[in-house]
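Shown next, in structure tokens, is the structure this report addresses.
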Amino acid sequence: MVVEVAEHRFEVRHGRFGLGDAVLYDGLAVAERRPFSERTVPFWVMEAGKEIRYEVDTAPQVPGRIAAIRRNGREVFLAPPPMAGEASPGHTGRYLGLPYDWRRPTWERVKSRMWNPEDPRLLAPKAFGWGYDVNLHALLRRLRLIRPPEPDR
């Protein structure tokens, strides 16, 4: 997420696999927020010969998202709350050719990966973690222990 305030560009880049958020000010990394630490990242910069304190609040529910920016204690940016189901950068994707999903697992996602009659794939991306899960329905169908689903008429 990139935010421009008073001709300055703020950005929070989510680290790979939850290794922290880097705060960028006009393209330069000025601070880093470690995982499980405070969500407010303070830093100081020189503007027109004066030292200015900025505080960037990150949104814990959506890594890489800026929730608020304060300049010398005064709020200069306040983001709207994240939309329900907003995708979070860095939580899903591919690394070394394998899929990963670091979102909190849900019963529906686990079920759709491990027992999915509509999916012919034997290997489906993991419901949580890095790699693949076995679609047990596809495995049993290939071993001819169960019949394929009948088409709707």
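The values are calculated or read from the model by the stated rules, or taken from the named source; none is laboratory data. Note that the coordinates shown come from a computational prediction; the quantities given were computed from them, not determined experimentally. Here the Cβ positions follow ideal geometry from the backbone for every residue, glycine too, while neighbour counts run over all protein chains shown.
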Please indicate, with yes or no, whether at least one residue in segment 33-45 is at pLDDT below 80, surrounded by fewer than 12 Cβ atoms within 10 Å (Cβ to Cβ) and farther than 30 Å from Phe128 by Cα. no
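Report yes if Lys50 is out of contact with any Cys (no Cβ under 6 Å at 6 or more places or on another chain), modelled with pLDDT of 85 or more and under 27 Å from Val3 (Cα atoms), otherwise no. Show your work before the answer.
Working: out of contact with any Cys (no Cβ under 6 Å at 6 or more places or on another chain): yes; modelled with pLDDT of 85 or more: yes; under 27 Å from Val3 (Cα atoms): yes.
Yes.
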Of (1) among the hydrophobic types (A, V, I, L, M, F, W, C); (2) within 28 Å of Gly129 (Cβ to Cβ); (3) modelled with pLDDT of 75 or more, Val23 satisfies all except one. Which? (2)
